[in-house]
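Enquirer: Let me begin by handing over the structure; questions about it come next.
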Amino acid sequence: MPPIWQVPSKTKKMPPLKAFQLTKELVQQRVKDNVIIVTFGNYAFMDFILTWVKHLTDLGLSNLLVGAMDTKLLEALYWKGIPVFDMGSHMSTVDVGWGSPTFHKMGRQKVVMIDSLLPYGFELLMCDTDMVWLKNPLPYFARFPEADVLTSSDQVIPTVVDDRLDIWQQVSGAYNIGIFHWRPTDSAKKLAKAWKEMLIADDKIWDQNGFNDLLHKQLGPPVDEESGLVYAFDGNLKLGILPASIFCSGHTYFVQATYQQFRLEPYAVHTTFQFAGTEGKRHRLREAMVFYDPPEYYDSPGGFLSFKPSIPKSLLLDGQHTIESHFSLVNYQMKQIRTALAIASLLDRTLVMPPLWCRLDRLWFAHPGVLEGSVTRQPFICPLDHVFEVNVMLKELPEEEFGPQIDIKEYSFFDNPSVPRQVKDSWLDVKLCQKGSQDCHASNGTSPQGVLRFPKRSNEETFKAVFSSFKDIKVIQFSSMQDAFLGFSDKTREQKFRNRVKRYVGIWCCVTDHTPGHIYYDMYWDEKPGWKPKAPQTPADDHPPL
């Protein structure tokens with residue numbers, strides 16, 4: 001087999017579709033040490049799949065295969081030199097959305113595939129595409145040769161502080177089928193067959209719930225005193241639960257950063273426990289600098305705008321962590337981001353978002369601010385999707401109603417080694433100053449250090465006049481956004497901007513003992529005297545702020 005990423009010769013025709021059918025011979029070509037690593041998806045997840053493959057090949061692993069649910073993906077992967085097989089699903093090429101009927105159909109395809117692959121006699125590491133490998137996991141799995149199945153979980157409360165398997169008696173989170181390792185034993189094959197038959201018999205069962213139900217039919221006793229394995233399913237299957245601190249969920253990685261606190265090296269991160277759909281997943285992986293984008297992502301044509309956020313210590317650290325103190329902290333940052341979005345729109349630049357600090361976690365159920373027993377530190381840098389509707393920010397909204405598109409990048413953007421030197425070297429620092437003070441006047445003259453002093457509360461015309469001289473500069477960084485911009489002089493444009501950014505913020509969830517329990521963020525909270533974070537009192541009040 002050719003090495004992964006070796007592009008087939010363009011003079012050759014692509015082999016016929018039947019050459020990509022799943023057979024033992026096709027899998028055998030990629031197997032190493034009797035292990036095959038498999039993911040699957042449709043064309044909408046092409047960039048996730050490329051990221052997944054690149055992480056594995058960077059780790060020196062090439063014993064992988066990608067199942068294509070549509071021929072568009074199959075062809076695209078073939079011409080990139082990625083080993084692919086046809087799942088025969090004839091799936092839609094678009095993003096189907098979590099929980100949709102098509103999403104559930106995709107889940108069933110995974111179970112059929114496991115049931116088909118195990119009889120070939122290879123160990124199978126099956127993964128979803130919305131996860132990435134950060135460290136070679138195969139030596140870890142080899143530590144548990146007796147295990148029939150090793151599964152990840154949604155456990156958020158640590159049961160171990162080292163790299164042992166999670167203590168099965170203490171795992172209350174669901175077993176998560178986004179990352180699991182199967183050995184081709186009789187017990188594992190029996191589980192895969194029972195799981196497939198269960199889902200075929202009832203199309204309303206969610207595949208993950210079915211997996212959990214089967215394993216919990218019998219759970220216990222432990223296999224031995226040392227390994228952490230437990231008898232499950234029919235009393236013969238030996239199950240291990242991968243430690244959630246290093247086989248990370250979206251919560252243990254992005255919110256708790258459990259691996260950092262325990263001084264462990266994470267093997268994987270799976271983008272669960274997040275908001276804003278697929279765009280939210282992509283953005284989180286970008287924030288962590290583990291998503292692979294094409295070179296053009298790192299060099300926007302109009303250049304970039306960034307700013308140094310300033311947060312008073314009292315808002316960040318003083319007092320109790322309450323809903324009120326959380327909203328005070330977030331609102332303070334939101335106002336600066338609103339100003340930055342306006343300036344980015346005015347100068348037609350891509351806004352590099354600042355890191356966002358939160359005092360409280362966001363979940364989809366009532367909780368006391370952070371989950372009891374978890375190691376979430378307060379305050380913490382929270383994922384952008386905790387406050388902002390990332391999917392709305394990235395969506396192309398009609399310009400006649402919402403004004404021009406404002407592109408955004410993740411807060412870690414300039415730390416990313418993929419940002420080219422020509423971007424990092426083309427930089428203008430803007431220091432806001434008090435109009436009338438020494439050397440503080442609207443001009444395009446910079447100091448010998450390359451710093452531009454620019455008056456606070458400048459209007460649209462001043463911004464355009466001064467910054468038109470710096471169109472070729474890739475990065476303009478403001479020292480602050482406090483009182484940087486008076487607002488658009490064109491009232492129609494101002495209204496369109498307001499229409500746009502009001503939709504950019506989401507909800508905090510959830511208050512205990514109240515329905516609905518969520519509280520809406522308000523981009524223009526500061527224009528409403530006495531604004532307080534309150535859950536809607538009646539169903540009629542349950543809508544985003546007007």
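The values are calculated or read from the model by the stated rules, or taken from the named source; none is laboratory data. These numbers were taken from a predicted model, which means no experiment stands behind them. Please note: Cβ atoms are built from the backbone with ideal geometry, for glycine as well, and neighbour counts cover all protein chains shown. To get the accessible areas, we keep the full protein, side chains included, count just its heavy atoms, and leave off ligands, DNA and RNA. Shrake-Rupley method; radii C 1.70, N 1.55, O 1.52, S 1.80 Å.
Enquirer: Hey, if you drop one equal point scatterer on each alpha-carbon of the range 1-67 and run the Debye formula without solvent, what base-10 log of I(q)/I(0) do you get at q = 0.12, 0.15, 0.23, 0.24 Å⁻¹?
Expert: Per q value, in the given order, log10 I(q)/I(0) is -0.35, -0.56, -1.29, -1.35.
Enquirer: Which net charge results when you count Lys and Arg as +1 and Asp and Glu as -1 among the other residues whose beta-carbon is under 10 Å from that of Cys509?
Expert: 0
Enquirer: On to the next question. Please compute the Kirkwood hydrodynamic radius over the range 150-236, one decimal place, Å, based on all pairs of different Cα atoms.
Expert: Roughly 13.9 Å, rounded to one decimal.
Enquirer: Hey, another quick one. For Asp483 and Ser412, what does the FRET efficiency come to when R0 = 25 Å and r is the distance between their Cβ atoms, rounded to the nearest 0.05?
Expert: 0.40
Enquirer: Can you tell me the FRET efficiency between Ser469 and Thr11 if r is taken as the Cβ-Cβ distance and R0 is 41 Å, rounded to the nearest 0.05?
Expert: 0.25
Enquirer: A follow-up question, please. Could you work out how much longer the chain between Ser310 and Asp234 gets when fully extended? Use 0.36 nm per residue separation minus the Cα distance between them, nm to one decimal.
Expert: Using 0.36 nm per residue and subtracting the Cα-Cα distance, I get 21.6 nm.
Enquirer: Which of Lys424/Lys471; Lys313/Lys532; Lys281/Lys496 have a Cα-Cα distance over 18 Å?
Expert: Lys313/Lys532; Lys281/Lys496
Enquirer: Could you tell me how many degrees, from 0 to 90 and to the nearest 10, lie between the Cα long axis of helix 46-58 and the main elongation axis, the longest principal axis, of the Cα atoms of the chain?
Expert: It is inclined by approximately 70 degrees.
Enquirer: Extent of the range 451-519 along each principal axis, from alpha carbon coordinates, in Å, largest to smallest?
Expert: That works out to 55, 29, 22 Å along the principal axes.
Enquirer: Quote to one decimal, in nm, the extra length available between Asp203 and Asn444 on full extension: 0.36 nm per residue of separation minus the C-alpha distance between them.
Expert: 80.2 nm
Enquirer: Also, quick follow-up: Taking a label point 7 Å from the Cα of Phe365 along the Cα→Cβ vector, which residues of the range 146-174 have an amide N closer than 19 Å to it?
Expert: Only 153-159, 169-174 fall inside the zone, counting backbone N under 19 Å.
Enquirer: Moving on. Normalised by the number of residues in the range 351-431, what is the relative contact order in percent for Cα pairs under 8 Å and 6+ residues apart?
Expert: 35 percent
Enquirer: What is the set of long-range amide H partners of Leu237 at a cut-off below 5 Å, with H atoms built 1.01 Å from backbone N?
Expert: Ala232
Enquirer: Here is a follow-up. With the dipole of the range 115-229 worked out from charges on the C-beta (+1 for Lys and Arg, -1 for Asp and Glu) around the Cα centre, which of Pro137, Tyr120, Gln169 lies farthest toward the positive end?
Expert: Tyr120
Enquirer: I would also like to ask the following. What aspartates and glutamates could a cross-link reach from Lys72, if we take a straight Cα to Cα line under 16 Å and drop same-chain neighbours fewer than 8 places away?
Expert: List returned: Asp47, Asp86, Asp95.
Enquirer: When the Cα centres of the range 166-226 and the range 353-429 are compared, how far apart do they sit, in Å?
Expert: The two parts, judged by their Cα centres, are 35 Å apart.
Enquirer: For the chain, what is the Kirkwood estimate of the hydrodynamic radius, computed as the reciprocal of the mean inverse distance between distinct Cα atoms, to one decimal in Å?
Expert: This gives a value of 25.7 Å.
Enquirer: Kindly count the pairs of lysines across the range 154-223 whose alpha carbons are less than 17 Å apart, treating pairs on different chains or eight or more residues apart as eligible.
Expert: For the range 154-223, qualifying lysine pairs total 5.
Enquirer: To the nearest 500 deg cm²/dmol, what mean residue ellipticity at 222 nm is calculated for the chain from DSSP H runs of n ≥ 4 alone, each contributing -39,500 (n - 2.57), summed and divided by the residues?
Expert: Here the helix-only value at 222 nm equals -8000 deg cm²/dmol.
Enquirer: Please name whichever of Gly445, Ile323, Thr258 sits farthest to the positive end of the charge dipole of the chain, dipole taken about the Cα centre and charges placed at Cβ: Lys and Arg +1, Asp and Glu -1.
Expert: Farthest towards the positive end: Gly445.
Enquirer: Moving on. List the GluC sites (Glu not before Pro) within the range 136-239 that DSSP assigns to loop and that have no more than 13 neighbouring Cβ atoms inside 10 Å.
Expert: Listed in order of number, the matching sites are Glu146, Glu225, Glu226.
Enquirer: Against the longest alpha carbon principal axis of the chain, how many degrees, from 0 to 90 and to the nearest 10, is the axis of helix 277-287 turned?
Expert: Here the helix axis deviates by roughly 80 degrees.
Enquirer: Could you give the alpha-carbon Rg of the range 387-546 over 2.2 N^0.38 Å, rounded to two decimals?
Expert: 1.30
Enquirer: Here is a further query. Under a Cβ-only charge scheme (Lys and Arg +1, Asp and Glu -1), can you give me the dipole magnitude of the chain about the Cα centre, in debye to the nearest 20?
Expert: Roughly 1160 debye, rounded to the nearest 20.
Enquirer: What nm value, rounded to one decimal, do you get for the distance between Glu265 and Glu25 when each label is placed 7 Å out toward the C-beta?
Expert: 4.0 nm
Enquirer: How high is the FRET efficiency between Leu219 and Arg377 when r is their beta carbon distance and R₀ equals 25 Å, given to the nearest 0.05?
Expert: The value I calculate is 0.15.
Enquirer: How much of the accessible area of the range 462-546, probe 1.4 Å, is carbon plus sulfur, in whole percent?
Expert: 53 percent
Enquirer: With the cut-off at 22 Å, report for the range 194-267 the share of all Cα pairs above it, as a whole percent.
Expert: 46 percent
Enquirer: In nm, what is the difference between 0.36 nm times the number of residues separating Glu324 and Val451 and their Cα-Cα distance?
Expert: That works out to 41.9 nm of additional length.
Enquirer: Treating the Cα atoms of the range 295-370 as identical point scatterers in vacuum, please give the log10 of the normalised Debye intensity I(q)/I(0) at q = 0.20, 0.21 Å⁻¹, two decimals.
Expert: For the range 295-370, the Cα-only Debye profile gives -0.88, -0.92.
Enquirer: Here is a follow-up. Starting from the 7 Å offset along Cα-to-Cβ, what nm value, one decimal, do you get for the label separation of Asp541 and Val392?
Expert: Output for this residue pair reads 2.0 nm.
Enquirer: While we're here: Against the longest principal axis of the chain, how steep is helix 491-502, in degrees 0 to 90 to the nearest 10, with axes from Cα atoms?
Expert: 30 degrees
Enquirer: Going out from 0 in 5 Å bins, what whole percent of all Cα-Cα distances in the range 177-307 drops into each bin?
Expert: Percent of pairs per bin, in order: 2, 8, 13, 15, 15, 15, 13, 9, 4, 3, 3, 2, 0.
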